[in-house]
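The values are calculated or read from the model by the stated rules, or taken from the named source; none is laboratory data. Remember, predicted model here, so these are calculated numbers, not experimental data. As a convention, Cβ positions derive from the backbone with ideal geometry for all residues, glycine included, and neighbour counts pool all protein chains shown. All accessible areas refer to the heavy atoms of the entire protein, side chains included, with ligands and DNA or RNA removed. Shrake-Rupley method; radii C 1.70, N 1.55, O 1.52, S 1.80 Å.
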Amino acid sequence: MAARGRHRRYQPNRINRASLTVTAGGAGMALPLIGTGVAQAADMDTWNKVAACESTSRWHVNTGNGYYGGLQFAQSTWEAYGGTRYAARADLATKDQQIAVAEKVLDGQGPGAWPECSVRAGLTRGGDTPDIHPAGTTKKTSVQDVQPQSTPQSRAGTAEMYTVVRGDTLSEIAESQKVRGGWRGLYAANRKAIGADPDLILPGQRLALRGKAATTTTGTTTGTTSAPKSSPEKNSSSASGKTASDRDEQATTTSRSLVAPVGSATGTPYRKAGSSWSKGYHTGVDFPVPTGTSVKSVGAGQVVSAGWGGSFGYQVVIRHGDGRYTQYAHLSAISVKAGQSVGAGQRIGRSGSTGNSTGPHLHFEVRTGPGFGADIDPVAYLRAGGVRI
């Protein structure tokens, strides 16, 4: 049964991430609170539950919202509780190292450092000590914890293969490795290894950089994150050899100016009245999709903001060439950053239920300006761009 969540009335004090910041004397310096009792701890299972709530268990996440890692540390708290002995930021540290610092935060601030997720995860003072090895001397690295510096692409820059690490996307790999044809070219060269969904790549996968663009001594980057007019798929495959999905994708990108943000029917419609919404009506349209569904930019444009958006949870706002802004809210993951250019159909994140939400879905808005309150009919906008919805 499809979920049909919708966001609730905005409540400024309601958050589901840890602020983890303590100030003293108004000076803005982060200081640990010194506990007066015995040291407190929590077992590994509890910390895993906190991470699942805070970051959907993405221990190396950095979405640009000022909070880092699986337990969403503020930078000031990471530094105040000794995290820099392991790494400059929490997202650059191992899972065990993040938990080691979290144990100190729990001892100093208590479970309230994670206001909502501690309740959901059952995090309390006085739990069992977790089995961790922050120094990294006895813990083996799993495929899921592969780090960029340990992969072949970091050596000499001559490798024609790339090993996928946590957080990678085809767009980012194609741009950084200057792959001819961008992400589409990279996908075409690795279709058998990746499978039918180009959004789904796994840590440890080895991708061929076939068709890598030539580089010059000036270091000019020729790869892009959007599809070129003449892609490697089109040049290397005959029309009779293309699959139905290939032809559909090409038709979508050539005959339409806009695409749908997700492949789903709509749920709660635009302008539905009710006390659930702060303006007295629904300012966007909801698409009821499961958590983790790929969310795409409906058109080419530039990312205005990407991060935490209060009652909207994790969100992305994009400005398009026609002067309109689109918003994608309640995300569980963000794949872009502010200032980045994106193409129509490019994945910008994954759906979720963050912020004030009653269940997994994508809240989608179209606005005349970047901020709340400048909404227009999103379905009419998509239909005018050729989207059948």
Scan the range 91-98 and tell me whether some residue there is basic (Lys, Arg), modelled with pLDDT of 90 or more and in a loop (DSSP other than H, G, I, E, B).
no
Inside the range 50-90, can you point out the residues that are part of a loop (DSSP other than H, G, I, E, B), polar (S, T, N, Q) and either open to solvent by less than 40 Å² (accessible area, probe 1.4 Å) or closer than 18 Å to Pro115 by Cβ (or both)?
Thr56, Thr63, Asn65, Gln72
Scan the range 311-340 residue by residue and report those that are farther than 16 Å from Val262 by Cβ and more than 16 Å from the chain's Cα centre (by Cα).
Ser311, Arg319, His320, Gly321, Asp322, Gly323, Arg324, Tyr325
Selection within the range 135-162 - modelled with pLDDT of 80 or more and not aliphatic (A, V, I, L, M):
Tyr162
Tell me, yes or no, whether the range 20-40 has at least one residue that is at pLDDT 75 or above and open to solvent by 30 Å² or more (accessible area, probe 1.4 Å).
no
For the range 110-134: of the residues being closer than 29 Å to Gly64 by Cβ and at pLDDT below 85, which is least open to solvent (accessible area, probe 1.4 Å)?
Pro130
Answer yes or no as to whether Gly349 is of a type outside the set (A, V, I, L, M), crowded, with 23+ Cβ neighbours inside 10 Å and touching a helix residue (DSSP H, G or I) at 6+ places or on another chain (Cβ under 6 Å).
no
Which members of the range 367-380 meet the condition of being touching a Ser or Thr at 6+ places or on another chain (Cβ under 9 Å), touching a residue at least 60 places away in the same chain (Cβ under 8 Å) and surrounded by fewer than 23 Cβ atoms within 10 Å (Cβ to Cβ)?
Pro370, Phe372, Gly373, Asp375, Val379
Of Pro232, Pro290, Pro228, Pro261, which residue is touching a Lys or Arg at 6+ places or on another chain (Cβ under 8 Å) and modelled with pLDDT of 90 or more?
Pro261
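Residue by residue, here is whether (1) in contact with an Asp or Glu (Cβ under 6 Å, 6 or more places away or on another chain); (2) open to solvent by less than 30 Å² (accessible area, probe 1.4 Å); (3) in contact (Cβ under 8 Å) with a residue 60 or more places away in the chain holds:
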site	(1), (2), (3)
Pro269	no, no, yes
Lys272	no, no, no
His282	no, yes, yes
Val285	no, yes, yes
Ser294	yes, yes, yes
Val298	no, yes, yes
Gln302	no, no, no
Trp308	no, no, yes
Gly313	no, yes, yes
